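Let me begin by presenting the structure, written as structure tokens, before commenting on it.
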Amino acid sequence: MQIAQGVADMIAGGQLVEGDELPSLRSVAKELRVNYHTVARAYEALESDGVVTRVRGKPFVVAKKGGKMEPISVLVDEINALADRAKGLGISKTELKKAVDAAMNRVRKEK
């Protein structure tokens with residue numbers, strides 16, 4: 001999941017755009033020191049989401065849909081999980097918004 005998320009982040013952030021080739025499965029596996037099949041599953045998950053595409057024997061490339069990803073879209077699952085957790089802890093919508101605003105302000109100051 002971390003590999004797929006990293007690629008999605010690069011697409012949403014504009015580092016990878018429509019038509020860009022993704023690094024080969026073997027090179028990513030070697031660089032990250034993970035199993036080849038782990039990278040293959042990550043790329044296949046991105047392909048099933050329509051973010052990347054490939055033709056047999058060719059590298060994966062950023063798909064048309066993937067090249068236009070909104071940056072916020074890569075955070076939807078995490079935002080939903082945070083909202084669910086906040087609700088379970090009895091945190092109000094207002095309190096959660098304040099906490100997120102404070103975190104964003106902290107990050108902006110660090111840059």
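The values are calculated or read from the model by the stated rules, or taken from the named source; none is laboratory data. Predicted model, so just to flag it, every value in this text is computed and none were measured. Here Cβ is always computed from backbone atoms with ideal geometry, including for glycine, and neighbour counts include all displayed protein chains.
Scan segment 2-25 and tell me whether some residue there is among the acidic types (Asp, Glu), in a helix (DSSP H, G or I), more than 26 Å from MET104 (Cβ to Cβ) and modelled with pLDDT of 90 or more. Even if it seems obvious, please write down each step before you answer.
As a first pass, look at segment 2-25 and keep what is among the acidic types (Asp, Glu): 9, 18, 20-21.
Now restrict to residues that are in a helix (DSSP H, G or I): 9.
Next, from what is left, pick out any that are more than 26 Å from MET104 (Cβ to Cβ): none.
Looking through segment 2-25, none of the residues is among the acidic types (Asp, Glu), in a helix (DSSP H, G or I), more than 26 Å from MET104 (Cβ to Cβ) and modelled with pLDDT of 90 or more.
Say we look at segment 18-69 and pick out the residues that are over 18 Å from MET1 (Cα atoms) and of a type in the set (A, V, I, L, M, F, W, C); which of these is surrounded by the fewest Cβ atoms within 10 Å (Cβ to Cβ)?
In this case the residue turns out to be VAL55.
Look at segment 1-58 and say how many of its residues are at positive phi and touching a residue at least 60 places away in the same chain (Cβ under 8 Å).
Number satisfying all stated conditions: 0.
For segment 9-51, which residues satisfy the criterion of being hydroxyl-bearing (Ser, Thr, Tyr) and farther than 19 Å from ASP77 by Cα?
Of all residues in segment 9-51, those hydroxyl-bearing (Ser, Thr, Tyr) come to 24, 27, 36, 38, 43, 48.
Listed by number, the residues that qualify are SER24, SER27, TYR36, THR38.
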